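Colleague: Could you have a look at this structure, given as structure tokens, before my questions?
Every number in this text was worked out from the coordinates using simple rules, so none of it is lab data. No experiment lies behind these values; they were computed from the predicted model shown. Note that each Cβ is placed from the backbone with ideal geometry, even for glycine, and that neighbours are counted across all protein chains shown.
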Amino acid sequence: MDLHILDHRLRVTSISKTGLVHFTHPLIKLIFLRNRSRCKFLSLTETPENYTVVLDEEGFKELQPSEHLQVEGSTWLPLNVVSNGNTSSSSQAVGVTKIAKSVIAPLAEQNVSVFMLSTYQTDFILVREKDLSVVIHTLQEEFNIYKEVGGESVPVHQQDTQNGLRRNGKDAAKATVHPVLIPENQFCVMSLDPDTLPAIATTLIDVLFYSNSPKEEPHSSEDLQCVKFFSFSLIDGYVSLVMDTEAQRQFPADLLFTSSSGELWRMVRIGGQPLGFDECGIVAQISQPLADSDISAYYISTFSFDHALVNYLVPGPGKSVSGPGRKHTTEA
């Protein structure tokens, strides 16, 4: 299998709910006017606390400094696992669980913090740029590693990874056990032809910018029977949408598409307090048990909390839980 270090240098930011009004213009430009912003990697996720925006350097230029904008200090690089063109059968788990043991767990053992972003098309593993040599050294026995440079995939050789190595997990701290919340929402993971974005512009703007009053305070975790969660990604020309069934009903069904079986997903929200970016092993804690049980899962990290989406239907006798219907399935 191949591991690609994609040609994007990313920033992870947070926009407060009360400050969203100051960023509507640049966000609309990033979503609907791709050619003018030249942003190739954009992910915008609304949670009850804030809006997490992950974007490349070109997109980051559009966000002006503000008291309502928090920026994580590191530059992040997205990794992507490519399975040499093979696709999984419907009875196999896909998503983050397929890379739990080959990517997520080894990086956690080496104290490498990851920021996960699952989309309809694939899974992105974001690592800090300063950790790249450790990442390559850790994963080079399992994967053929390539780095994208100017649109070309260039092999990364072992001699390129000699600096910054750590001992193999002996000093890795034991991961903290975080509380989880399972809200009642049912979620859909969908995609859209980017050329049809203008046709849903009004609906998308309404859902993203007008769904809640900015004066509303987030409730405590115990009170959240349903969690506001909406994620929009536009990455290298592919659109991915994660929304609950209530939001889905606002969009024209003939423009959105998902897998043939139309799975519904339930969310596991990880963290009682904001997780921070330095703790390692959170994704591994969640993904490894799911992988052991062959359960498909999407995983979306945000500025404050992590979110795993698992299939809503529990398989009965003779039935299997089918995985997401992706155009480009990631396996490991």
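Colleague: Find the relative contact order for the range 10-160 and round it to a whole percent, using C-alpha pairs within less than 8 Å whose residues are 6+ positions apart.
Modeller: On the way: 186 pairs, mean separation 30.6, N = 151.
Reported relative contact order: 20 percent.
Colleague: Continuing with this model, one more query. Rg (Å, one decimal) plus Dmax (Å, integer) for the alpha carbons of the range 1-151?
Modeller: Gyration radius and largest Cα-Cα distance of the range 1-151: 16.7, 48 Å.
Colleague: Still on this structure: For residue 7, what residues show an amide H to amide H distance below 5 Å, using hydrogens built from the backbone and excluding near sequence neighbours?
Modeller: 148
Colleague: For the range 41-55, in order, what is each residue's ³J(HN,Hα) by Karplus, 6.51 cos²θ - 1.76 cosθ + 1.60 with θ = phi - 60°, in whole Hz (x at glycine and Pro)?
Modeller: Result, rounded to whole Hz: 9, 9, 9, 10, 10, 9, 10, x, 8, 6, 10, 8, 10, 10, 7.
Colleague: Please give, to one decimal in nm, the separation of the simple spin-label points placed at residue 245 and residue 32, each 7 Å out from Cα toward the Cβ.
Modeller: Here the answer is 3.0 nm between the modelled labels.
Colleague: Just to verify a number: FRET efficiency for residue 177 and residue 254, C-beta to C-beta distance, R0 = 51 Å, to 0.05?
Modeller: Numbers: r = 45 Å, r/R0 = 0.87.
It comes out at approximately 0.70.
Colleague: Under 5 Å between amide hydrogens, which residues at least 5 positions from residue 306 or on another chain qualify, with H placed 1.01 Å from N in the peptide plane?
Modeller: For residue 306, the qualifying residues are 270.
Colleague: Please give me, ordered by residue number, the trypsin sites (Lys or Arg not before Pro) of the range 239-300 that lie in loop per DSSP and have at most 16 other Cβ atoms within 10 Å.
Modeller: On the way: sites: 249, 266, 269; in loops: 249.
Of the trypsin sites (Lys or Arg not before Pro), the ones in loops of the range 239-300 whose Cβ has at most 16 other Cβ atoms within 10 Å are 249.
Colleague: If you don't mind, another one. What is the set of long-range amide H partners of residue 124 at a cut-off below 5 Å, with H atoms built 1.01 Å from backbone N?
Modeller: Residues meeting the amide H criterion: 117, 118, 119.
Colleague: Sticking with this one: Loop only by DSSP, 10 or fewer other Cβ within 10 Å of the Cβ. Give me the GluC sites (Glu not before Pro) in the range 1-71 that pass, ordered by residue number.
Modeller: Values: sites: 46, 49, 57, 58, 62, 67; in loops: 49, 62, 67.
Here the GluC sites (Glu not before Pro) that fit, given the DSSP loop and packing criteria, are 67.
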